[in-house]
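Undergrad: The structure under discussion is supplied below as structure tokens; questions concerning it will follow.
Throughout, read-outs are computed from the coordinates displayed, never taken from laboratory work. Note that the coordinates shown come from a computational prediction; the quantities given were computed from them, not determined experimentally. Cβ sites come from the backbone with ideal geometry, for glycine too, and all protein chains shown count toward neighbours.
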Amino acid sequence: MSRSSMIKNLALSIVASLVAAGLIALLGWLLGIIIVASVVVLITGGAKIVSFATSHTGKASNIGILRVSLTKKSPTDSLVGDIGNSFIFWGITGHRTTGNPRIQEAIVHAARTGGEVKFLLMDPDGDCLDRRAKLEGRSGSAWASEIHEAVERLYSLLEPYGIEPEVKFLDEMPVWRLAVADRQLALVNFFLPGRRGTDSPQLKLCMKDGGLLHVLLKEFEYAWARGRWNRTIL
């Protein structure tokens, strides 16, 4: 091989190496952006959901988001005025919700009018309850007791009217905390690592065709179908 050919090949090799190094650096930069963006989404939670929704729809209200609260949040009983013939709850124990006198009154009213009252709670005998409790620095056995008490409350509220509560247990790590009035209005939180669902950003949603509440109710129905019920565990 001539000297000129060797020099030419060496030059091409150097250029190729520089191009490859540049591409690797570019990919590393892009990966860094993706990682940072993912962390930001995990930290800011609901705020990023709304930002995404707004950028893709023009207005968050177009997909049924009425409000996002990062700090000050609405209690579940703020839905009482909107509960007519349906109340759905999806959470860990349901203890505070079933212990609220205003919610109790609304539940009895909905059930006595032939409406829908559904509670989907974590399985008190499941492995996931202990795992989630440890993430929050809580006791799985204490949570199991709260679940038992919540279900017994529902029975004590509805059995005098000859109504059996619709309750199911799910042995899965919780993602959403839902309280839904008449399948039209909802308070939604999600479970972050090591934090209670009510400590996460809260969304207030209304039903819209193709909106977020429509999707979350579908998720609830799928989870309800996977749930189990056996009162003997109580």
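Undergrad: Set Lys and Arg Cβ to +1 and Asp and Glu Cβ to -1, take the dipole of region 147-234 about its Cα centre, and tell me which of Pro201, Trp229, Ala186 lies farthest positive.
TA: Positive-end residue among those listed: Pro201.
Undergrad: Which length gain, in nm to one decimal place, applies between Asn100 and Lys59 when the Cα-Cα distance is subtracted from 0.36 nm times their residue separation?
TA: 11.3 nm
Undergrad: Neighbouring Cβ atoms within 10 Å as the yardstick, rank Thr71, Thr113 fewest first.
TA: Fewest-to-most Cβ neighbours within 10 Å comes out as Thr71, Thr113.
Undergrad: If you don't mind, there's one more thing I want to ask. What is the spread of the Cα atoms of region 94-234 along each of their three principal axes, largest first, in whole Å?
TA: So the three principal-axis extents are 40, 39, 27 Å.
Undergrad: Taking every alpha carbon pair in region 105-167, what does the distance histogram look like in 5 angstrom bins from 0, in percent?
TA: Answer for region 105-167: a P(r) of 4, 17, 25, 17, 12, 12, 10, 3, 0 percent.
Undergrad: While we're here: Quick check: residue separation of Glu116 and Ser78 times 0.36 nm, minus the Cα distance between them. What number comes out in nm?
TA: 11.8 nm
Undergrad: In addition: If you place +1 on the Cβ of every Lys and Arg and -1 on the Cβ of every Asp and Glu, how big does the dipole about the Cα centre of region 61-233 come out, in debye to the nearest 20?
TA: 600
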